[in-house]
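See below for the structure under consideration.
The values are calculated or read from the model by the stated rules, or taken from the named source; none is laboratory data. Values in this document were obtained by computation on a predicted structure and should not be read as measured data. Cβ placement follows ideal geometry from the backbone for every residue including glycine, while neighbour counts extend to all protein chains displayed.
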Amino acid sequence: NRNRARARGAAAHFPASRQSPHAARVFLAGHLEAWGCAERRDVAFLLVSELVTNGVLHAGTPVGVAAGYDGATLAVAVTDGVRGITGGPRPRRHPRGAPAGRGLRIVDALADSWGVSVHDQGKTVWFELGSGGDGPGRTD
């Protein structure tokens with residue numbers, strides 16, 4: 001596949017800080033522009049913000065963000081350091097007006113595919129945009 005031959009990637013780490021979602025967006029912005037996939041910017045910013053916020057608030061650990069683009073699909077993964085969990089996070093229903101709890105539902109609605117990987121170092125939640133799949137949803 002010719003697109004895969006042009007694959008590009010980048011990674012960064014962010015502290016367990018309220019400023020990390022913004023820093024992750026800034027990190028992603030420079031790469032999306034350089035990779036020629038700025039049209040995915042708004043959705044990618046929203047989703048990476050949700051996942052980094054989840055990592056900072058719920059895991060309370062530094063987070064890693066890795067992104068890659070192969071000419072067709074933008075893939076982003078956010079890893080936190082929570083150990084000893086099984087199954088990973090899942091979207092849940094929250095009462096109307098609740099101030100939080102919609103992050104994974106947003107990811108599920110907007111990403112072409114997404115999933116969770118639990119490993120010895122913690123967990124990774126990833127999403128893809130522009131994969132041309134059957135539409136939004138979890139695929140793990």
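Which residues, taken from the stretch 37-87, are of a type in the set (Ser, Thr, Tyr) and under 11 Å from the mean Cα position of the chain (by Cα)?
Answer for the stretch 37-87, where residues must be of a type in the set (Ser, Thr, Tyr) and under 11 Å from the mean Cα position of the chain (by Cα): 49, 53, 79.
Considering the conditions (1) modelled with pLDDT of 80 or more; (2) closer than 21 Å to residue 111 by Cα, residue 91 is excluded by exactly one of them, (1).
Scanning the stretch 44-75 for residues that are more than 14 Å from residue 23 (Cα to Cα) and surrounded by fewer than 18 Cβ atoms within 10 Å (Cβ to Cβ) yields 57, 58, 60, 61, 68, 71, 72. Scanning the stretch 1-41 for residues that are of a type in the set (D, E, K, R) and either closer than 15 Å to residue 53 by Cβ or modelled with pLDDT of 95 or more (or both) turns up 18, 25. The set of residues in the stretch 6-22 that are crowded, with 17+ Cβ neighbours inside 10 Å and among the small types (Gly, Ala, Ser) contains only 20. Scanning the stretch 57-88 for residues that are at pLDDT 90 or above, aliphatic (A, V, I, L, M) and part of a loop (DSSP other than H, G, I, E, B) turns up just one, 72.
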